[in-house]
């Protein structure tokens, strides 16, 4: 039985977050005998906007042996407890998709069923009052704690908001320290085996040739290897996720500003606007569909809604939502924007890069045909992309808005069967359908269901095993515990200043 990989040379094409995340992980987890090279050109820019993430990034960083405080200082990062959605179900609505738990289950029955029963009897408080992360966001508070489902003070996860360019630079230092060779140069030709079609080498503008056994396409939307060379098709999902452009700009903070522990997503006339707080500035953008609004009109709408002063020129980013038919074809694996893009609504881009890298490591080829490795990788990544896609579609579909043509389309569009099935189950009996390996937990789905006014017609009948007095007492106790935890929490600014102050011109102020 062959034990050792016959892959000797791995070539990563493209830098940015995807390229350097890949380099850092492979150099950490692959055998030392494998040579890793990364080819990138200083003349080719990356998307490089402010990046918001979900809690899974902490697992990735920990796997690289990264010190969290150091990473946050190096990337001007802030903590992220949630995404705040404004104007999605109705104009004037607001809710948080918070990375925390809703109450406690009783007798195996999820908490929201008890809340529904109470709400059916007497008008109860908002269900979001029973989520500590949600309430911390309302108060702009954050305590640096590790998740513990049995500790009232620690029933939440967190992620980060950071400068994507600085993150790539930080990972580059780590990768080069582990032996990754960076090659500067623009790829002008890709040479393939005339019989198998596998990629054999790259030709750079300098005439230098870079050979490899496995090539990883991190060239972003250009998809130089997976598309331009191997001609792997693309599944277009713009029917369900119709936005296809984004204006992006950086803005400054007012003096002494409170830095929120969450990203914002404010629905506009033909899309939505993001605001990603970092320690020294914010990343702002307007994601829109040009079938419903012109680029010029979208820019005007975007700039009129900015809360800070622009410190960069607006940049237009064009994209098409969807994913590759296969992320791994022949001896090429696409990672990042070259493999697909779902739009930034739920901050899944970095996660999908991370998931691709970890699946590649688990299914790393032995140098032969590797069809089983490829099939497993492609199957799992297809599931990851489709699950994330369906969660994003939910936000658009679950709207009552018909005040613009864009929102009218979203409200009435057809959706994937699996998503329709999940929504129907929740509407009928409050059941949150899910799979074992789902990225978004029951609590995430609950946040969006309730946040966008989807109310079940019924609740779990097992709640009748408790009297209304017992249910009311339990809910009061949970809410009191959350309020007590909130009272002890420092502000987000205070935690940043104590744990990870970045080296920036304007020092953080407590607020």
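Brief remarks on what is shown
- Residue match in the range 437-460 (condition: assigned to a helix (DSSP H, G or I), closer than 16 Å to residue 120 by Cβ and either modelled with pLDDT of 95 or more or more than 24 Å from the chain's Cα centre (by Cα) (or both)): yes
- Failed item in (1) part of a strand (DSSP E or B); (2) buried (at least 16 other Cβ atoms within 10 Å of the Cβ), with residue 308 passing the rest: (1)
- Evaluated against (1) surrounded by fewer than 20 Cβ atoms within 10 Å (Cβ to Cβ); (2) more than 23 Å from residue 257 (Cα to Cα), residue 103 falls short on exactly one condition, (1).
- Applying the criterion of being crowded, with 19+ Cβ neighbours inside 10 Å and either in a loop (DSSP other than H, G, I, E, B) or on the phi > 0 side of the Ramachandran plot (or both) to the residues of the range 245-259, the residue that is nearest to the chain's Cα centre (by Cα) is 259.
- Scanning the range 279-296 for residues that are out of contact with any helix residue (DSSP H, G or I) (no Cβ under 9 Å at 6 or more places or on another chain), closer than 15 Å to residue 312 by Cβ and either surrounded by fewer than 20 Cβ atoms within 10 Å (Cβ to Cβ) or modelled with pLDDT of 95 or more (or both) gives a single hit, 280.
- Within the range 280-295, the set of residues being over 10 Å from residue 252 (Cα atoms) and part of a loop (DSSP other than H, G, I, E, B) comprises 289, 290, 291, 292, 293, 294.
- So residue 150, is it on the phi > 0 side of the Ramachandran plot and assigned to a loop (DSSP other than H, G, I, E, B): no
- Of all the residues in the range 133-147, those that are touching a strand residue (DSSP E or B) at 6+ places or on another chain (Cβ under 6 Å) and in a helix (DSSP H, G or I) number 3.
- Answer from 240, 272 - the residue that is farther than 23 Å from residue 96 by Cβ and under 19 Å from the mean Cα position of the chain (by Cα): 240
- In the set (1) in contact with a strand residue (DSSP E or B) (Cβ under 8 Å, 6 or more places away or on another chain); (2) surrounded by fewer than 16 Cβ atoms within 10 Å (Cβ to Cβ); (3) over 21 Å from residue 276 (Cα atoms), residue 180 fails one condition alone, (2).
- Checked against (1) part of a helix (DSSP H, G or I); (2) touching a residue at least 12 places away in the same chain (Cβ under 8 Å), residue 399 passes all but a single condition, namely (1).
- Test result for residue 389, surrounded by 15 or more Cβ atoms within 10 Å (Cβ to Cβ) and either part of a helix (DSSP H, G or I) or in contact with a strand residue (DSSP E or B) (Cβ under 6 Å, 6 or more places away or on another chain) (or both): yes
Condition check ((1) at pLDDT 95 or above; (2) under 30 Å from residue 73 (Cα atoms); (3) crowded, with 20+ Cβ neighbours inside 10 Å; (4) touching a helix residue (DSSP H, G or I) at 6+ places or on another chain (Cβ under 6 Å)) across all residues:
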| residue | (1), (2), (3), (4) |
| --- | --- |
| 130 | yes, no, yes, yes |
| 151 | no, yes, no, no |
| 190 | yes, no, no, yes |
| 223 | yes, no, yes, yes |
| 228 | yes, no, no, no |
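- Residue within the range 338-345 that is without any contact (Cβ under 8 Å) to a residue 60 or more places away in the chain, in contact with a strand residue (DSSP E or B) (Cβ under 9 Å, 6 or more places away or on another chain) and buried (at least 20 other Cβ atoms within 10 Å of the Cβ) present: no
The values are calculated or read from the model by the stated rules, or taken from the named source; none is laboratory data. None of the values given here were measured: they were computed from a predicted structure. Don't worry about glycine lacking a Cβ; one is built from the backbone with ideal geometry, like all the others, and counts go over all protein chains shown.
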